Amino acid sequence: MPALIRKMHEARERNDPKVVVWGTGSPRRELLYSDDMAEACLFLMGLEDAMLGPLLSESHPPLINIGYGEDLTIRELAELIRDVVGFKGELEFDPTKPDGTPQKWLDGSRLNQLGWKPKIALKEGLTFTYLEISKLL
């Protein structure tokens with residue numbers, strides 16, 4: 001994601017007609033805004049042991065995935081980043097480059113059952129991120 005943000009920002013600044021994205025764009029990724037991750041950790045640390053119930057045992061720590069609960073394709077992510085950055089050119093996917101793992105997604109149902117849900121939607125998180133990164137570019 002950071003590489004795509006930078007590529008699109010620089011392409012926008014140069015008025016490039018296109019940005020090349022590695023791979024086919026078909027792999028799926030789940031993304032979570034860092035503030036939501038921090039909030040989920042604080043939420044879990046604040047729970048009483050009784051609330052964690054069967055997740056706790058003497059021999060194993062509780063394992064809980066923290067995720068947004070939705071994924072999207074790299075193509076959809078690139079299109080969303082293009083919109084947030086304001087790049088008006090085309091996206092070209094290069095299938096000669098690696099795609100990576102077909103899907104990276106977490107099952108956050110345990111955490112949701114405990115009462116936590118993420119608050120920051122992907123587009124909002126990307127906008128916050130881009131505003132901060134663009135100060136450095």
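Tabulated data
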read-out: Additional length obtainable on full extension of the chain from residue 70 to residue 124, 0.36 nm per residue less Cα span; value: 18.0 nm
read-out: Long-range amide H partners of residue 93 with built H, under 5 Å; value: 21
read-out: DSSP-defined beta bridges in the chain - what % are antiparallel, rounded to 5; value: 20 percent
read-out: Chain lengthening between residue 6 and residue 106 when straightened (0.36 nm per residue, less Cα-Cα); value: 33.4 nm
read-out: For the chain: rounded, prolate or oblate by the Cα gyration tensor [a/c cutoff 1.5]; value: prolate
read-out: Too-long pairs where the Cα-Cα distance tops 21 Å, listed order kept, from 104/135; 88/119; 18/104; 88/123; 18/119; value: 104/135; 88/119; 18/104; 18/119
read-out: Exposed-loop-free span, longest in the chain, where trypsin sites (Lys or Arg not before Pro) count as exposed if DSSP calls them loop and at most 13 other C-beta atoms lie within 10 Å; value: 1-87
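Coordinate-derived values only; no laboratory data. This structure is a prediction, so every number in the text was calculated from the model and none was measured. Note that each Cβ is placed from the backbone with ideal geometry, even for glycine, and that neighbours are counted across all protein chains shown.
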